[in-house]
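Asks: Would you mind keeping the following structure in view while I ask a few things?
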Amino acid sequence: MNKDRELIILPKVSQAQLSKFLPQLESEGIRTIYLDPKKNTGKLHTVYASASADYVVLEKNGAAKPKGKKIGKRFKVLSNEDIDGILESSKKGLDFVIVEVKDWKIIPLENIIAKLHKINTKIFAIARSPEEVRKMFSILEVGVDGVIYSASSINKVREAMVYLGTRNFELKRAKITEIKEVGDGERVCVDTASMLRKGEGMLIGNRSNFLFLVHNESVGSSFTSPRPFRVNAGAVHCYTLSPDGTTSYLSEVETGSEVLIINSKGNARRATVGRSKIERRPMLMIKASVSDEVGGIIAQDAETIRFVRPDGKLVSVTHLKPGDYIMAFAKTATGRHFGMEVSDEYILEK
């Protein structure tokens with residue numbers, strides 16, 4: 001996707017919560033908010049009907065245009081005449097247009113994108129759900145330049161950002177400290193409705209704050225054919241990180257669920273699950289450390305289950321040994337309530 005596309009958040013939180021919410025948005029990579037600049041306590045750019053905003057929304061025809069600012073207007077689209085009006089206004093020097101489409105969404109936006117594609121006016125569309133965010137960014141494969149999305153929680157923001165294709169996880173070098181056979185257990189194969197590429201997998205682990213990058217089965221082996229839609233993820237109790245930032249147990253993953261797919265550089269996308277397959281198999285316990293954090297995973301003891309080394313090469317769990325390094329996502333432990341992060345709750349997982 002175009003790297004200049006962005007998710008513009010309209011905060012739906014109280015004034016008291018705003019001072020906490022804005023830094024969270026910044027930490028997730030959000031650059032712009034739809035908010036009165038007077039309420040902006042952070043370093044985020046603002047879109048608003050104020051001369052102090054970075055993107056100034058002009059509310060009246062003939063209104064003065066502040067020097068040095070991006071200017072635009074908001075339009076409701078109900079007919080082709082409205083689309084023609086957007087084009088004419090854009091030709092007069094608008095830097096951006098905010099488009100609100102009611103019942104029909106795809107075709108009007110296709111027409112607007114087609115008409116404005118060759119001029120320098122940016123198109124910001126309004127979305128009311130993460131699914132609408134996905135549609136706005138994928139229309140005509142060109143998509144809009146920005147989506148204005150109302151959000152009342154950081155998890156909703158994270159869920160929508162995966163559709164933007166800019167969400168990134170800082171993967172770290174995890175040092176293997178222990179490997180042990182632990183007998184039989186139920187493991188989960190997650191078969192996605194998407195083809196997975198080399199370097200991609202899922203974040204899996206015994207702890208919600210320490211998740212291993214488990215590679216997909218696109219490589220195969222001497223005795224098995226490649227299955228580039230499958231991640232042999234781990235035991236039923238293991239966590240996986242979901243697109244909205246919550247965690248799910250692997251036992252909960254089923255047809256129609258959406259899972260987070262991560263590549264070796266930490267870039268994230270989402271995939272729909274076509275099938276989840278649980279079978280009893282011999283299992284391995286693997287522990288690793290990143291600085292002071294220690295995490296583990298119980299995975300099937302088989303050559304086709306692979307982790308990713310720091311150099312991008314793959315290593316089977318059957319070839320791992322203490323002292324080896326693999327890639328993992330690790331951070332300071334926080335509590336979880338039904339999969340949602342609770343930042344101020346004490347938790348100890350072993």
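Asks: Among the numbered criteria (1) open to solvent by 20 Å² or more (accessible area, probe 1.4 Å); (2) over 23 Å from the mean Cα position of the chain (by Cα), which single criterion is violated by Asn267?
Replies: With respect to (1) open to solvent by 20 Å² or more (accessible area, probe 1.4 Å); (2) over 23 Å from the mean Cα position of the chain (by Cα), Asn267 is out only on (2).
Asks: Turning to a different aspect of this structure: Within the stretch 115-150, track down each residue that is among the charged types (D, E, K, R), under 19 Å from Lys76 (Cα atoms) and touching a Phe, Trp or Tyr at 6+ places or on another chain (Cβ under 6 Å).
Replies: Quick first cut of the stretch 115-150, residues among the charged types (D, E, K, R) only: 115, 118, 122, 128, 131-132, 134-135, 141, 145.
Right, trim to under 19 Å from Lys76 (Cα atoms) and you get 115, 122, 128, 132, 135, 145.
The one that is among the charged types (D, E, K, R), under 19 Å from Lys76 (Cα atoms) and touching a Phe, Trp or Tyr at 6+ places or on another chain (Cβ under 6 Å): Lys122.
Asks: Kindly list the number of the only condition in (1) assigned to a helix (DSSP H, G or I); (2) under 32 Å from the mean Cα position of the chain (by Cα) that fails for Lys43.
Replies: Only one criterion in (1) assigned to a helix (DSSP H, G or I); (2) under 32 Å from the mean Cα position of the chain (by Cα) is unmet by Lys43, namely (1).
Asks: Identify, by number, the condition in (1) within 15 Å of Asn206 (Cα to Cα); (2) among the polar types (S, T, N, Q); (3) modelled with pLDDT of 95 or more; (4) open to solvent by less than 60 Å² (accessible area, probe 1.4 Å) that Ser316 doesn't meet.
Replies: Just one mismatch for Ser316, condition (1).
Each row is one residue, and each column tells you yes or no for (1) among the hydroxyl-bearing types (Ser, Thr, Tyr); (2) over 18 Å from Ser138 (Cα atoms).
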position: Lys73; (1), (2): no, yes
position: Val77; (1), (2): no, yes
position: Asp82; (1), (2): no, yes
position: Gly85; (1), (2): no, yes
position: Ser89; (1), (2): yes, yes
position: Gly93; (1), (2): no, yes
position: Phe96; (1), (2): no, yes
position: Glu100; (1), (2): no, no
position: Leu109; (1), (2): no, no
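Asks: While we're looking at this one, here's another question. Go through the stretch 229-245 and report how many residues are modelled with pLDDT under 95 and surrounded by fewer than 18 Cβ atoms within 10 Å (Cβ to Cβ).
Replies: Total meeting the criteria: 0.
Asks: List the number of the failed condition for Ser89; all other conditions in (1) modelled with pLDDT under 85; (2) polar (S, T, N, Q); (3) outside any loop (DSSP other than H, G, I, E, B) hold.
Replies: The failed condition is (1).
Asks: Among the listed residues Glu200, Glu159, Glu217, Glu132, identify the single one that is touching a His at 6+ places or on another chain (Cβ under 9 Å), of a type in the set (Asp, Glu) and crowded, with 16+ Cβ neighbours inside 10 Å.
Replies: On the way: Glu159 fails: touching a His at 6+ places or on another chain (Cβ under 9 Å); Glu217 fails: touching a His at 6+ places or on another chain (Cβ under 9 Å); Glu132 fails: touching a His at 6+ places or on another chain (Cβ under 9 Å).
None of the others qualify; the one that does is Glu200.
Asks: May I pose another question? Looking at (1) closer than 23 Å to Ala302 by Cβ; (2) more than 19 Å from the chain's Cα centre (by Cα); (3) at pLDDT 95 or above, which is the one condition that is false for Leu211?
Replies: For Leu211, the exception is condition (2).
Asks: Considering only strands (runs of 3 or more DSSP E) fully contained in the stretch 95-188, which possess at least 1 residues that are modelled with pLDDT of 80 or more and under 30 Å from Val253 (Cα atoms)?
Replies: Numbers: elements: 96-101, 122-127, 146-151.
Strands (runs of 3 or more DSSP E) meeting the threshold: 122-127, 146-151.
Asks: Right, Leu260: in contact with a helix residue (DSSP H, G or I) (Cβ under 8 Å, 6 or more places away or on another chain) and assigned to a strand (DSSP E or B) or not? Give the steps one after another, and end with the answer.
Replies: Details: in contact with a helix residue (DSSP H, G or I) (Cβ under 8 Å, 6 or more places away or on another chain): yes; assigned to a strand (DSSP E or B): yes.
It is true that Leu260 is in contact with a helix residue (DSSP H, G or I) (Cβ under 8 Å, 6 or more places away or on another chain) and assigned to a strand (DSSP E or B).
Asks: Assess whether Ser242 counts as being within 19 Å of Gly296 (Cα to Cα) and of a type in the set (Gly, Ala, Ser). Write out each step before concluding.
Replies: Numbers: within 19 Å of Gly296 (Cα to Cα): yes; of a type in the set (Gly, Ala, Ser): yes.
Judged against the criteria, Ser242 is a match.
The values are calculated or read from the model by the stated rules, or taken from the named source; none is laboratory data. All figures in this text were calculated on a predicted structure; none of them were measured in a lab. For neighbour counting, all protein chains shown are included, and Cβ atoms are generated from backbone atoms with ideal geometry for every residue, glycine included. Keep in mind that these areas ignore ligands, DNA and RNA; they rest on the heavy atoms of the full protein, side chains included. Shrake-Rupley method; radii C 1.70, N 1.55, O 1.52, S 1.80 Å.
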